[in-house]
Amino acid sequence: MKPAHYVNGVFTTAGTPFPLRSPVDGRQIAAVPEAPRETVDEAVRAARAAMDGAWGRSTTEERCAYLRRIADGIEARFEEFVAAETADTGKPRELAATVDIPRAIANFRAYADLAYGRPERAYPTSVPGWSGSGQALNYTVRRPLGVVAVISPWNLPLLLLTWKVAPALAAGNAVVAKPSEETPSTATLLAEVIDAAGLPAGAFNLVHGHGAGAAGEHLTAHPGVDAIAFTGASATGSAIMRNAAAHVTPVSFELGGKNAALVFADADLEEAVEGTLRSSFTHSGQICLCTERVYVQRPVFDAFTGALAERAAALRGYGPMISAGHRDKVLSYYRLAAEEGATVLAGGGVPEFGDARDGGYHVEPTVITGLPQSARTVREEIFGPICHVAPFDEEDEAVRLANDSPYGLAATLWTTDLSRAHRVAPRIEAGIVWVNCWNLRDLRTPFGGVKASGIGREGGEYSLDFFSEPVNVCVKI
Ligand code: NAD
């Protein structure tokens with residue numbers, strides 16, 4: 001498989017190719033076509049034509065059947081998907097095989113179930129003084145939005161792409177997707193699976209390329225796009241929103257985070273340390289839900305911090321940063337932390353392997369402490385394997401510290417006090433709060449962030465709501 005666009009049911013490699021490098025050792029592994037504006041235009045036209053044709057008239061049952069065929073198609077090529085995701089991202093194979101690809105399959109199945117079983121509302125209305133029965137029946141039907149642009153990031157490439165594509169298709173929209181320029185491969189495989197599943201031409205289109213000034217911007221600024229579903233950095237969300245404003249295009253945004261973990265003295269310390277190790281260092285911190293700020297109640301601060309640092313230093317096989325550019329950004333924060341006066345408890349540098357991996361984009365899992373809440377390292381999203389640990393004394397103080405952030409995506413509470421968990425969780429300014437766990441996901445639950453972490457909620461009915469418009473039909477009886 002070579003990265004290719006998929007437009008109107010045809011694979012093409014229009015545009016100048018750019019090199020794709022392995023994050024593990026820096027070798028070139030593919031050439032990716034950069035979609036020119038004409039290819040984006042063609043994809044939007046094809047999507048519109050699909051909405052005006054058979055796809056636009058398809059029933060929910062038909063679309064759900066397509067979604068199940070797509071899920072089966074990914075499953076049948078599971079190993080190819082795992083290999084492609086691992087090659088593009090450099091993440092451990094285990095992660096791709098247990099999270100990324102199974103979740104992508106689950107996304108299609110979950111939205112097939114949800115869309116099929118979805119009830120609509122009806123309101124019987126009495127209107128005194130009317131001739132006839134004096135009754136009316138209001139009922140709501142849902143129309144697709146039309147042509148939906150899906151823009152996705154590189155950290156969980158297929159998982160986050162399908163998280164939007166599946167509900168968008170289930171709700172009856174036509175999609176033009178642009179995956180991250182860093183991770184084109186599983187998106188291309190998905191297009192092959194969708195092609196084999198027999199979706200009408202134009203219902204799903206894929207264009208590759210960069211964001212600003214390129215395919216991503218052309219797509220999101222396109223007047224033929226009816227809605228934009230975007231996952232990525234908050235600054236990119238602002239740029240997309242500026243373009244979307246010109247046509248009042250609705251947006252659903254899942255953006256950055258600076259997620260806090262609160263460890264109370266009554267927590268099961270072993271669970272809290274293991275959980276925080278996972279929440280800070282899974283995929284080398286390159287998951288939007290990863291913890292970068294840890295607040296620990298003072299009586300257990302030293303014990304917790306010592307154990308976390310010891311285990312972080314012992315981590316192996318954690319995978320590289322996605323690119324040289326991102327590695328440099330993360331290392332610039334390691335330097336900034338030192339300049340700001342942090343004490344480095346583990347990591348802080350670049351590991352040496354003595355083999356080809358030294359040409360890759362690796363950084364060490366890092367635990368720091370000693371910074372004030374105002375430090376840039378504590379306020380800005382780094383998106384790497386680093387967390388800052390700070391002490392607190394009182395519950396109110398912990399809540400205040402967690403909420404003292406421009407972001408509000410996710411938070412984790414570690415406590416064995418049930419009342420405390422229920423008391424604190426709703427006070428946290430975040431879209432998702434986990435208690436004594438992390439990244440435990442049920443696809444029906446609302447997913448998204450507050451403040452700079454996003455606009456709207458996806459997941460379950462929330463996604464189907466975004467990707468459709470309710471239309472009220474009022475019938476006089
Ligand atoms: P990014 O914003 O740089 O890129 C994301 C996508 O947007 C890519 O496909 C890119 O090509 C495109 N893009 C970039 N500039 C654009 C523009 N001006 N117009 C249109 N498209 C443009 O993000 P990234 O580096 O790929 O991903 C990391 C970021 O994503 C982090 O901030 C992370 O927190 C966030 N993220 C959030 C979630 C969530 O669910 N909230 C999930 C994963 C990642």
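Each reported figure results from applying straightforward, stated rules to the coordinates on display, with no laboratory input. Because the structure is predicted, anything quoted here is derived from the model rather than measured. Note: ideal-geometry Cβ built from the backbone for every residue, glycine included; neighbour counts use all protein chains shown.
Antiparallel as a % of all DSSP beta bridges within the chain, to the nearest 5? Don't jump to the answer; show the numbers that get you there.
Details: 31 of 69 bridges.
Just about 45 percent of them are antiparallel.
Grab the DSSP H runs of the chain that are 4 residues or longer, score each as -39,500 (n - 2.57), total them, divide by all residues and round the 222 nm result to the nearest 500 deg cm²/dmol. All intermediate terms of the calculation are to be shown ahead of the outcome.
Details: 15 runs with 175 residues, N = 477.
That comes out to -11500 deg cm²/dmol.
So which of K164/K258; K178/K258; K164/K476 end up more than 32 Å apart, counting from Cα to Cα? Intermediate results must be reported in sequence, preceding the final value.
Numbers: K164/K258 23 Å; K178/K258 26 Å; K164/K476 38 Å.
From the list (K164/K258; K178/K258; K164/K476), the Cα-Cα distance tops 32 Å for K164/K476.
Using the Cα gyration tensor of the chain, with a ≥ b ≥ c the square roots of its eigenvalues, what is the shape: rounded (a/c below 1.5), prolate (a/b larger than b/c) or oblate (neither)?
Details: a/c = 2.13, a/b = 1.32, b/c = 1.61.
Oblate, because a/c is 1.5 or more while a/b does not exceed b/c.
Percent antiparallel among DSSP beta bridges with both residues in the range 259-442, to the nearest 5?
Values: 3 of 25 bridges.
Rounded to the nearest five, the antiparallel share is 10 percent.
Whole angstrom only: what separates the Cα centroid of the range 46-87 from the Cα centroid of the range 355-406?
Measuring centre to centre over Cα atoms gives 39 Å.
Which peptide among 105-113, 241-249, 73-81 comes first, and what is the full order, when sorted by highest mean count of other Cβ atoms within 10 Å? Let's see the in-between values first.
On the way: 105-113: 22.6, 241-249: 14.0, 73-81: 17.1.
The densest-packed peptide leads the list: 105-113, 73-81, 241-249.
Hey, got a sec? Which trypsin sites (Lys or Arg not before Pro) in the range 111-186 land in a DSSP loop and have at most 11 other Cβ atoms within 10 Å?
Values: sites: R121, R142, K164; in loops: R121.
In loop regions of the range 111-186 (DSSP not H, G, I, E or B), the sparsely surrounded trypsin sites (Lys or Arg not before Pro) are R121.
How much net charge surrounds E62 when only other residues with a Cβ under 13 Å from its Cβ are counted (Lys, Arg +1; Asp, Glu -1)?
Numbers: positive: R57, R63, R68, R69; negative: E61.
Net of charged neighbours comes to +3.
What residues have an amide H closer than 5 Å to that of A411, excluding those fewer than 5 places away on the same chain, when H is modeled at 1.01 Å from N in the peptide plane?
I432, V433, W434
Classify the range 300-382 as rounded, prolate or oblate from the Cα gyration tensor: take a ≥ b ≥ c as the square roots of its eigenvalues, call it rounded if a/c is under 1.5, otherwise prolate when a/b beats b/c and oblate if not.
Oblate, since a/c reaches 1.5 and b/c is not below a/b.
Just to confirm the number: angle between the C-alpha axis of helix 269-281 and the first principal axis of the chain, 0 to 90 degrees, nearest 10?
With rounding to tens, the tilt is 60 degrees.
Once amide H atoms are placed 1.01 Å from N in the peptide plane, what residues at a sequence separation of 5 or more from A221, or on another chain, have their amide H within under 5 Å of its amide H?
Excluding prolines and chain starts, which carry no amide H, there are no hits.
Going through the range 281-380, which GluC sites (Glu not before Pro) have at most 10 other Cβ atoms within 10 Å and a DSSP loop state?
Working: sites: E292, E310, E339, E340, E352, E380; in loops: E340, E352, E380.
For GluC sites (Glu not before Pro) across the range 281-380 that sit outside H, G, I, E and B with at most 10 neighbouring Cβ atoms in 10 Å, the list reads E352.
Would you work out the relative contact order for the chain, in percent, from Cα pairs under 8 angstrom that are 6 or more residues apart? Provide the component values of the computation, followed by the final result.
Working: 1056 pairs, mean separation 89.7, N = 477.
Result for the chain is 19 percent.
Label points 7 Å out from Cα along the Cβ direction at N439 and R27: separation in nm?
My value for the distance between the label points is 2.7 nm.
Tell me whether the range 259-442 comes out rounded, prolate or oblate; compute the Cα gyration tensor, take square roots of the eigenvalues as a ≥ b ≥ c, and use a/c under 1.5 as the rounded threshold.
Numbers: a/c = 1.73, a/b = 1.68, b/c = 1.03.
Because a/c hits 1.5 or more and a/b exceeds b/c, the range 259-442 counts as prolate.
Within 9 Å, Cβ to Cβ, of L20, how many net charges do the neighbouring residues add up to if Lys/Arg are +1 and Asp/Glu are -1?
Net of charged neighbours comes to -2.
Within 10 Å of each candidate Cβ there may be at most 11 other Cβ atoms; applying that plus a DSSP loop requirement, which trypsin sites (Lys or Arg not before Pro) in the range 299-374 survive? Don't skip to the end; give the middle numbers.
Working: sites: R311, R316, R327, K329, R335, R357; in loops: R316.
Answer by residue number: R316.
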